[in-house]
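Here the structure comes first, spelled out in structure tokens, and everything after it is commentary.
Here, each number is a calculation from the coordinates, and none is a lab measurement. Everything numeric in this text was worked out from a predicted model, so none of it was measured. Backbone-built Cβ (ideal geometry, glycine too); neighbour counts: all protein chains shown.
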Amino acid sequence: MATFKPETIDVVAALTVRDGRLLIAQRPPGKHLGGLWEFPGGKIEPGESPEQALIRELLEELDFTFEPSRLVHTVTHDYPDRSIRLRFFSGTVVAGEPRAMEQNNVAWVMPRGLHQYQFPPADAQLIDWLSGMEDFDELIRQDRD
């Protein structure tokens, strides 16, 4: 008997840094992984680069313009009903103020505060790495190096 292997969905997420804090957003109820916290982003549409998808998603979902700096981490994770390839980009807000539109809530958190929020399993390795930072400005300093 063959095992079902779902198609891999390409997804991007932003590690948006401001004043040493990182932007996180809560997924809406009723969506896949609803109620969990995430680094905002979404699916890459056909014809889009990962960076273009991220800029589009953040404008649609949180009403701000994001400037991606660099790819920080990539993970592939299998859920029971789908497989995702998730690319995390660091960057900054260049216009607008992030606000909850599709998500329940948004928060700016320090590294030590990340473990107070429940994230999807695909984010676990990244959360552990980020939690060890002094502050998230380190992500931006690395972008400038």
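Structure above, values below:
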{"item": "Segment E7-Y79, length gained on full extension (0.36 nm per residue, minus Cα span)", "result": "24.8 nm"}
{"item": "Region 49-104 - Kirkwood radius from inverse mean 1/r over Cα pairs (Å)", "result": "12.4"}
{"item": "Distance (nanometres) between label positions extended 7 Å along Cα→Cβ at L59 and E134", "result": "3.6"}
{"item": "Long-range amide H partners of A100 with built H, under 5 Å", "result": "V106"}
{"item": "Options L62, P120, G91, ranked by Cα towards positive dipole end of region 19-145, top entry (Cβ charges)", "result": "P120"}
{"item": "Entry for Cα Rg over 2.2 N^0.38 Å (calculated from the structure that is shown) out of (1) 1.02; (2) 0.96; (3) 3.10", "result": "(1)"}
{"item": "DSSP bridge pairs, the chain: antiparallel proportion in percent, nearest 5", "result": "75"}
